[in-house]
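One structure is given here, and the rest of the page talks about it.
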Amino acid sequence: MPPAWASRSTACGALACAPPHANRQPRTDMPPSHLSLLGAESIAEPAAELADGFYRRLVESVTDYAIYRLGLDGRISSWNAGAERFKHYTETEVLGRHFSLFYTRAEAEAGKPQRALTLALQTGRFEDYGWRVRKGGESFWAHVIIDLIRDDAGVPLGFAKITRDISDRRAIEMRLNDLQRSHQELEQFIHVASHDLREPLRKVLAFSDLIALDDGAALSPASHAYLASICAATRRMQALLDSLLSLTKVTSEGQLFSRCDLNDVAAEVLSDLAVAIRETGARIDVAPLAVIDADPAQMRQLLQNLIENAMKYRRDDLTPHITVRCFGAVSAPHLTLQVADNGIGFDPQYGERIFGIFQRLHTRDQYSGAGVGLAICRKICRRHGGDITATSNAGQGASFLITLPRAHAPQGAGA
């Protein structure tokens, strides 16, 4: 049921009319019981009028929304401060005019305003997003709602129209769409370029090997050194392309989330890394982990990257010690997974930089790698609706904290 002020609006835009009992005189020719009822009515009616006045003033004073009433013919019969703010018309300039005034010429001529009223009359409500026009011809992007107003008997009286200027929000959404499209195009380019460059690199290595095999005896020591440099640089490029492909595959080849036991994932990772663990002498302690909704393959990649990282950046004077454990109550919507080590650590100022693509804190001569592993970890976490951060001090090991939701709504493979 519409508020009392809405059904009492007049054509001139007032939101409350004079009380019907204003000139009524008390009656004395009734039984006491009737007189008591009349007294109750005389108290209730001013209360209703007071409420009407409150709502009228409330609507008139709203400035973040344009709120005004339309007759059944679409002509404006009330106007609030928000309407004047957004549309730049004063009340006297718009009362009695058709609300198609606020549509673009093309939409007005196409009958869009009348179709909006017809739908509101048929269904009780109309909602739309689109361009509207202020006084002077300036356009703005609006969210519009038209509600049908009925009296107590259900007879249509007119419409309540609410408009909000959401131009800023639309600009942000368009910018985000542009960034998302650019990101997708960049990933597609990386994927294609990585594939296309693999064959030329294979040929460089193959012909370099043939030169060394067929003409090695005739080459000078300097030429042998040049050839070795060519092969080393080509292999680094292959490793770089492999890393880029792995990065793009996080979204392009991600699988549907399913129940994933992180204990099983950790066991598989340790089995895959058995040789490296034996060679480095690393001790890896895995506490009981959780079962979550996730892409199992990407959880394996996440843990493997972090554990490999911990073994790579170990201290020479200490046996590598890596711990993997979970925090957080089972009833909590998110869990925290920690991978910590006693390695060389890093300066705290680089805690964010290390997750960037191709970001390295050491030279290739000191530590191998393309500088993409932690970027892949972050992308996996964010695809799962979580994140990863790192804390450390130089020479004091590092701690990686991964926050992940325990459950997910159904989603597509590329989500």
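Please sort 71-84, 94-107, 278-291 by packing, taking for each peptide the average over its residues of neighbouring beta carbons within 10 angstrom, highest first.
71-84, 94-107, 278-291
R0 = 30 Å: FRET efficiency of Asp347 with Ala274, Cβ-based, nearest 0.05?
0.40
Take each of the peptides 332-342, 265-275, 196-206, average the number of other beta-carbon atoms within 10 Å over its residues, and list them starting from the highest.
332-342, 265-275, 196-206
Provide the FRET efficiency to the nearest 0.05 for the Thr391-Arg259 pair, computing r from the beta carbons and using R0 = 30 Å.
0.50
Give the lysines whose C-alpha is closer than 26 Å to that of Lys312, dropping any in the same chain fewer than 8 places away, or say none.
Lys249, Lys379
Grab the Cα-Cα distance for Lys112 and Trp131, subtract it from 0.36 nm times how many residues apart they are, and report the gain in nm with one decimal.
5.7 nm
Every number here is computed from the coordinates shown, using simple stated rules; none is lab data. In this text, all values refer to a predicted model and were calculated from it rather than measured experimentally. All Cβ positions, even for glycine, are placed from backbone atoms using ideal geometry, and neighbour counts span all protein chains on display.
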